[in-house]
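What follows is one structure encoded as C-alpha cells, with my remarks underneath.
The values are calculated or read from the model by the stated rules, or taken from the named source; none is laboratory data. Just so you know, these numbers come straight off a predicted model, no measurement behind them. Don't worry about glycine lacking a Cβ; one is built from the backbone with ideal geometry, like all the others, and counts go over all protein chains shown.
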Amino acid sequence: MSELLNEIGAILSYNEYTEKQVITMMNYLIQEGNATNPMEFITEIAKKSEKYEGTLMTMAQALRQEGRQEGIQEGIQKGKAESARTIARQLLANGVDRAIVKMSTGLSDAEMNALMGRVNSAKN
C-alpha cells in the first residue's frame, strides 16, 4: 500500500472531505489493504495532509494503543498457559492423578503427554 501514499495525499489535498469521511476511508484502507504496519501507513499519510494531520495522527495513536492492548493480552494468555503447565508438572511429580491434573489445569492431551514425558525423565 505504500505505493498509494502520494496518491492518497494528493486526494486529501483537495480538502473536499469531512473528517468523518477521511476516517472512514482510512479504516477501509486498513481493513481491506495490505499494509504491513497500519500505524506507519496512517502516519505517513498524515505527514502529507496538513488539513487532516490531527485526525490521522489521532487514528495512528489509537492503532498504537490497540496494538499495546493486544500485546498485553497475548502476554497474559502466555503467562496463564505457562502457569498451568508449571502447576501440572508439580502435581504430576507429586503423584496426583493425570485426569485430575488435566481437568484442573485445562491442558490438552498433547500438553499432558509432553509433561508426563518430562516428569518421567526427571524421576529417572
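Before moving on, here are some points about what is shown:
- Just one of the listed residues (Leu5, Leu29) is touching an Asp or Glu at 6+ places or on another chain (Cβ under 8 Å) and either in a helix (DSSP H, G or I) or over 29 Å from Asn120 (Cα atoms) (or both), namely Leu5.
- Taken over the stretch 95-117, the residue count meeting the criterion of being surrounded by 13 or more Cβ atoms within 10 Å (Cβ to Cβ), more than 28 Å from the chain's Cα centre (by Cα) and more than 17 Å from Lys80 (Cα to Cα) is 3.
- Check on Glu44, out of contact with any Pro (no Cβ under 6 Å at 6 or more places or on another chain), closer than 15 Å to Glu7 by Cβ, modelled with pLDDT under 90 and assigned to a helix (DSSP H, G or I): yes
- Scan of the stretch 8-24 for residues that are part of a helix (DSSP H, G or I) and either farther than 17 Å from Met57 by Cα or of a type outside the set (Ser, Thr, Tyr) (or both), ordered by number: Ile8, Gly9, Ala10, Ile11, Leu12, Glu19, Lys20, Gln21, Val22, Ile23
Here is a yes/no grid of residues against (1) within 30 Å of Gly9 (Cα to Cα); (2) in a helix (DSSP H, G or I):
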{"site": "Thr55", "(1), (2)": "yes, yes"}
{"site": "Ala62", "(1), (2)": "yes, yes"}
{"site": "Arg68", "(1), (2)": "yes, yes"}
{"site": "Ala81", "(1), (2)": "no, yes"}
{"site": "Arg89", "(1), (2)": "no, yes"}
{"site": "Leu92", "(1), (2)": "no, yes"}
{"site": "Gly95", "(1), (2)": "no, no"}
{"site": "Ser104", "(1), (2)": "no, yes"}
{"site": "Ala110", "(1), (2)": "no, yes"}
